[in-house]
Amino acid sequence: MEKLKLLLVLFLSTFQAAFSITDGLLPNGDFEHGPKPSQLKGSKVVGKDAIPNWTVSGFVEYIKSGQKQGDMLLIVPEGAFAVRLGNEASIKQKVNFTKGSFYSITFSAARTCAQEEKLNVSVVPTTEDGDWGVIPIQTMYGSNGWESFACGFKADFPQGEIVIHNPGVAEDPACGPLIDSVALRVLNPPKRTRANLLKNGNFEEGPYVFPKASWGVLIPPHIEDSHSPLPGWIVESLKAVKYIDSNHFSVPEGQRAIELVAGKESALAQVVITTIGKTYDLTFAVGDANDACEGSMIVEAFAGRDSVQVSYESKGKGGFIRGKLRFKAVSQRTRVRFLSTFYTMKNDNSGSLCGPVLDDVKLLSLRYPA
């Protein structure tokens with residue numbers, strides 16, 4: 001009977017862990033369970049297994065919210081604790097996957113004393129060369145010093161390790177980014193339908209968004225992430241786009257949308273199969289996120305050889321208009337692309353970058369164009 005109870009407990013704990021990482025925080029993903037006092041030397045973590053559920057390597061610090069480094073106050077975005085990765089330091093956790101499925105990782109990070117900080121996010125083992133993302137965090141789009149980032153991957157094996165590594169070498173080995181709230185989400189590959197030739201045109205399928213995080217999730221450019229955490233779409237620019245939710249922002253349709261936060265350096269694209277000579281209508285919503293982003297905004301839409309500019313006068317309090325581009329296909333594959341003409345900053349004196357919201361993107365072929 002005791003053995004049966006033990007097996008039942010082990011089964012339930014395994015089931016709970018597997019369930020919790022399909023759409024939410026990893027076990028101890030917020031680092032609220034920390035090392036024992038004997039496993040800390042000041043703030044430095046001593047022992048590779050000192051942080052429950054994680055394995056650490058190199059100079060890793062366990063940071064308490066409000067802790068100071070010289071005159072700088074270290075802020076934790078959620079909860080009371082986070083970790084800081086020094087030179088060549090890393091944290092990793094073993095996770096069970098469904099082989100062949102696509103996933104997104106969402107985590108929060110903040111720059112501390114180094115100016116050009118980066119994070120290498122990978123899942124091992126993998127069968128693909130270069131299947132990892134280098135996330136630059138020197139450009140901070142918000143005013144609170146923290147950002148949430150997302151990256152995508154395909155599970156090549158039923159079990160692997162999620163690794164977050166600081167590849168930088170700063171003068172001070174303690175310098176490095178703060179990491180908090182690491183989450184995982186299974187991505188369901190969207191399909192084209194008769195109602196929309198584009199995949200995931202409403203952006204409802206995307207990375208995990210932390211329920212209490214009011215700053216959105218940055219999706220890095222394609223050159224830094226081989227598998228997009230935004231299924232169907234490619235961020236083919238130098239800067240990221242922001243994935244926003246209706247709980248914290250104004251969204252034209254549904255629960256999710258995209259904010260183009262870096263002008264022409266923030267572009268979103270998708271390649272769709274078309275019939276040469278056929279006429280198509282590309283429709284979309286342009287608005288603002290109700291995040292104090294005011295002023296004249298323009299979203300440029302491109303399809304094949306045609307383009308249109310949609311102007312939107314934002315008062316920073318939400319709202320949207322509809323845009324349309326009619327075009328005739330000149331090839332069997334047409335690239336649909338969106339970008340923001342201007343850089344825009346919030347009017348709250350924070351210097352935070354913002355931009356127009358894009359949502360409800362649809363592409364339909366016209367049988368009898370007027």
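The values are calculated or read from the model by the stated rules, or taken from the named source; none is laboratory data. Quick caveat: nothing in here was measured; it's all calculated off a predicted structure. Backbone-built Cβ (ideal geometry, glycine too); neighbour counts: all protein chains shown. The accessibility values were calculated without ligands, DNA or RNA, using every heavy atom of the protein model including side chains. Shrake-Rupley method; radii C 1.70, N 1.55, O 1.52, S 1.80 Å.
Total residues in region 172-199 satisfying the condition of being open to solvent by 10 Å² or more (accessible area, probe 1.4 Å), in a loop (DSSP other than H, G, I, E, B) and more than 20 Å from Trp146 (Cβ to Cβ): the figure is 11. The C-beta contact set for region 220-247 (first residue in a helix (DSSP H, G or I) and open to solvent by 10 Å² or more (accessible area, probe 1.4 Å), second residue modelled with pLDDT under 95 and among the small types (Gly, Ala, Ser), distance under 8 angstrom, 6+ apart or interchain) comprises His222/Ser228; Glu224/Gly133. The set of residues in region 250-273 being outside any strand (DSSP E or B), buried (at least 23 other Cβ atoms within 10 Å of the Cβ) and modelled with pLDDT of 95 or more consists of Val251, Leu260. The residue that is least open to solvent (accessible area, probe 1.4 Å), counting only those in region 43-90 that are within 11 Å of Asp180 (Cβ to Cβ) and small (Gly, Ala, Ser), is Ala82. Meeting the requirement of 1 or more residues that are in contact with a Phe, Trp or Tyr (Cβ under 7 Å, 6 or more places away or on another chain), the strands (runs of 3 or more DSSP E) wholly within region 19-129 are 23-25, 60-64, 81-85, 90-96, 102-110, 118-124.
When region 209-219 is examined, which residues are found to be open to solvent by 30 Å² or more (accessible area, probe 1.4 Å) and within 30 Å of Lys44 (Cβ to Cβ)?
So in region 209-219, the residues open to solvent by 30 Å² or more (accessible area, probe 1.4 Å) come out as 211-212, 214-215.
Lys212, Trp215 - these are the residues of region 209-219 that are open to solvent by 30 Å² or more (accessible area, probe 1.4 Å) and within 30 Å of Lys44 (Cβ to Cβ).
Within region 38-57, residues that are free of Cβ contacts under 8 Å to residues at least 40 places away in the same chain and farther than 15 Å from Val163 by Cα sit with their Cβ atoms under 7 Å from residues that are assigned to a loop (DSSP other than H, G, I, E, B) and of a type in the set (Gly, Ala, Ser), at 6+ positions apart or across chains, in these pairs: Gln39/Gly47; Gln39/Ala50. Look at (1) on the phi < 0 side of the Ramachandran plot; (2) open to solvent by 10 Å² or more (accessible area, probe 1.4 Å); (3) not aromatic (Phe, Trp, Tyr) and you find that Gly277 fails only one, number (1). Out of region 348-370, which residues are open to solvent by less than 60 Å² (accessible area, probe 1.4 Å) and part of a strand (DSSP E or B)? Within region 348-370, Leu353, Cys354, Val357, Leu358, Asp359, Asp360, Val361, Leu363, Ser365, Leu366 qualify. Looking only at residues in region 117-156 that are modelled with pLDDT of 90 or more and surrounded by fewer than 14 Cβ atoms within 10 Å (Cβ to Cβ), the one that is nearest to Thr55 (Cα to Cα) is Val124.
In this structure, Ala80 does not satisfy being outside the structural domain of Asp172 (by the TED database) and at pLDDT below 95.
The listed residues are Val95, Val121, Val45, and the only one of them that is aliphatic (A, V, I, L, M) and farther than 20 Å from Gly168 by Cβ turns out to be Val95.
Before we move on, is Leu366 in contact (Cβ under 8 Å) with a residue 40 or more places away in the chain, out of contact with any Leu (no Cβ under 8 Å at 6 or more places or on another chain) and among the aliphatic types (A, V, I, L, M)? When the stated conditions are applied, Leu366 passes them. Annotation note: of Asp288, Asp306, the sole residue that is open to solvent by 10 Å² or more (accessible area, probe 1.4 Å), of a type outside the set (A, V, I, L, M) and modelled with pLDDT of 95 or more is Asp306.
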